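Asks: Before we start, here is the structure in question, set down as structure tokens.
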Amino acid sequence: MNGTVDTAELAPGEQLRQLLPQWRRRIRPKDIPGLLYGNASPTKKFLSQENVAHLTGVSVRWYADLERGRAAAYSEEFIKRLALALRLSREERAVLYMLVLGREPDPPRAIPVGEQFAALRTIVDAQPWPAYVSDDAWDVLFCNEHMARWFPHLDYEPNIMAWPFLYPESKLQLVNQLEVWYPPMLAQLRAAIARHPDNERLQEVIRQILEQNADARRIWDEDAEVHLHPDGDRRLMHVPDFDGPELVEIVAMTALRAVGFRVMMLIPVDRVNRATP
């Protein structure tokens with residue numbers, strides 16, 4: 001006969017104490033691109049509390065208190081980052097929100113995809129490297145499986161610009177992020193809002209970035225650079241299944257049938273060169 005269940009066992013704090021360590025221990029450090037780079041002893045089989053704190057931009061004590069089920073003023077931004085770091089499914093993410101914030105997360109942003117994209121989607125899905133289509137505000141309409149594996153945040157954060165500026169985990173994956181990635185991305189945003197001043201979604205993305213990222217705010221105020229698109233840019237990033245950073249070329253195209261939308265591909269330069277006779 002089973003023992004009695006104390007009411008305290010069902011409390012949110014106790015459930016967090018049970019769930020969070022299990023979620024953390026099922027993630028292998030090598031599954032987080034860039035996490036083990038430069039680490040002399042990458043022998044751990046699962047994420048540590050220190051790893052999760054680093055990935056979410058908080059102190060170890062702050063995250064450890066949550067894992068112990070202790071109540072505190074945890075922000076929604078932190079919970080978003082934690083859900084990504086732990087690679088939670090949408091159902092698990094909903095449970096995390098309810099246990100910590102007392103409510104479910106907002107539903108994923110609905111981006112309508114019309115029939116005119118059917119053939120284009122087939123082309124994107126057929127690419128052997130990450131590819132996607134995004135709109136004027138950098139929301140991803142659809143992507144292929146390679147893109148989803150390289151950037152799992154797309155499951156519930158569909159904006160290409162939001163992730164580098166709002167999720168600390170991106171600092172591990174994007175090499176020299178502050179110097180190499182931030183300036184041209186902000187320059188693209190500046191050019192885009194000049195071209196589409198009435199685009200409310202684009203305004204929302206820019207406000208969110210500038211309000212939540214101090215480095216972005218500083219660069220925006222001090223740098224007069226504008227950049228229309230990154231086509232041909234080559235940048236280093238960590239990608240799944242590789243120990244070191246990979247040089248990736250960004251290819252940008254537009255389809256005549258879908259004015260205002262971008263077809264983007266991230267092509268690993270060395271792998272393509274090796275495959276070319």
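The values are calculated or read from the model by the stated rules, or taken from the named source; none is laboratory data. Quick caveat, the model's predicted, so the values are computed rather than measured. Every residue, glycine among them, receives a Cβ derived from its backbone with ideal geometry; neighbour counts consider all protein chains shown.
Asks: Would you call Ala94 small (Gly, Ala, Ser), within 18 Å of the chain's Cα centre (by Cα) and over 23 Å from Gln177 (Cβ atoms)? Spell out the reasoning first.
Replies: Details: small (Gly, Ala, Ser): yes; within 18 Å of the chain's Cα centre (by Cα): yes; over 23 Å from Gln177 (Cβ atoms): yes.
So Ala94 fits the description; yes.
Asks: Just to be sure I understand, how many residues within the range 58-73 are assigned to a loop (DSSP other than H, G, I, E, B) and surrounded by 17 or more Cβ atoms within 10 Å (Cβ to Cβ)? I'd like the intermediate steps shown before the answer.
Replies: Applying the first criterion (assigned to a loop (DSSP other than H, G, I, E, B)) to the range 58-73 yields 58-59, 68-73.
Within this subset, residues satisfying the condition of being surrounded by 17 or more Cβ atoms within 10 Å (Cβ to Cβ) are 58, 69.
Looking only at that region, the number is 2.
Asks: Among the residues of the range 15-30, write down those that are within 19 Å of the chain's Cα centre (by Cα), assigned to a helix (DSSP H, G or I) and surrounded by 16 or more Cβ atoms within 10 Å (Cβ to Cβ).
Replies: Applying the first criterion (within 19 Å of the chain's Cα centre (by Cα)) to the range 15-30 yields 23-24, 27-30.
In the following step, the residues that additionally are assigned to a helix (DSSP H, G or I) were identified as 23-24, 29-30.
The answer is Trp23, Arg24, Pro29.
Results for (1) within 23 Å of Arg81 (Cα to Cα); (2) outside any loop (DSSP other than H, G, I, E, B); (3) basic (Lys, Arg), shown as yes or no for each residue.
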position	(1), (2), (3)
Trp163	yes, yes, no
Leu172	yes, yes, no
Pro184	no, yes, no
Arg190	no, yes, yes
Pro197	no, no, no
Gln208	yes, yes, no
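Asks: Another question about this same structure. Val140: within 30 Å of Val272 (Cβ to Cβ), in a loop (DSSP other than H, G, I, E, B), at pLDDT below 95 and of a type in the set (A, V, I, L, M), yes or no?
Replies: Values: within 30 Å of Val272 (Cβ to Cβ): yes; in a loop (DSSP other than H, G, I, E, B): no; at pLDDT below 95: yes; of a type in the set (A, V, I, L, M): yes.
Criteria not met by Val140.
Asks: Looking only at the range 194-240, filter to residues that are within 20 Å of the chain's Cα centre (by Cα) and among the small types (Gly, Ala, Ser); which one of those is surrounded by the fewest Cβ atoms within 10 Å (Cβ to Cβ)?
Replies: Ala214
Asks: Out of all the residues in the range 137-159, which are in contact (Cβ under 8 Å) with a residue 60 or more places away in the chain and of a type outside the set (Phe, Trp, Tyr)? Outline the logic, then answer.
Replies: Step one: list which residues in the range 137-159 are in contact (Cβ under 8 Å) with a residue 60 or more places away in the chain, which gives 137-139, 141, 147, 149-150, 152-153, 155-157.
Residues satisfying the conditions are Ala137, Asp139, Leu141, Met147, Arg149, Pro152, His153, Asp155, Glu157.
Asks: Need pairs with beta-carbon distance below 6 Å; first residue on the phi < 0 side of the Ramachandran plot and within the range 209-227, second of a type in the set (Phe, Trp, Tyr); sequence gap 6+ or separate chains.
Replies: Short answer, once both residue conditions are applied: Ile209/Phe165; Leu210/Trp220; Asn213/Phe165; Ala216/Phe165; Ile219/Tyr182.
Asks: Would you be able to tell me the number of residues in the range 98-132 that are in contact with a helix residue (DSSP H, G or I) (Cβ under 6 Å, 6 or more places away or on another chain) and buried (at least 19 other Cβ atoms within 10 Å of the Cβ)?
Replies: 5
Asks: Cβ-Cβ below 6 Å, separation at least six or inter-chain, first residue in the range 165-179 and without any contact (Cβ under 8 Å) to a residue 60 or more places away in the chain, second surrounded by fewer than 20 Cβ atoms within 10 Å (Cβ to Cβ) and part of a loop (DSSP other than H, G, I, E, B): which pairs?
Replies: Close Cβ pairs (under 6 Å, with a partner that is surrounded by fewer than 20 Cβ atoms within 10 Å (Cβ to Cβ) and part of a loop (DSSP other than H, G, I, E, B)) amount to Phe165/Asn213.
Asks: Here's a follow-up. Within the range 74-95, can you find the residues that are in contact (Cβ under 8 Å) with a residue 60 or more places away in the chain and part of a helix (DSSP H, G or I)? Talk me through it step by step, then tell me what you get.
Replies: The initial filter retains those residues of the range 74-95 that are in contact (Cβ under 8 Å) with a residue 60 or more places away in the chain, namely 77, 80-81, 83-88, 90, 92-93, 95.
Listed by number, the residues that qualify are Glu77, Lys80, Arg81, Ala83, Leu84, Ala85, Arg90, Glu92, Arg93, Val95.
Asks: Can we say His153 is under 9 Å from the mean Cα position of the chain (by Cα) and either acidic (Asp, Glu) or surrounded by 19 or more Cβ atoms within 10 Å (Cβ to Cβ) (or both)? Steps first, answer last, please.
Replies: Details: under 9 Å from the mean Cα position of the chain (by Cα): yes; either acidic (Asp, Glu) or surrounded by 19 or more Cβ atoms within 10 Å (Cβ to Cβ) (or both): yes.
Criteria met by His153.
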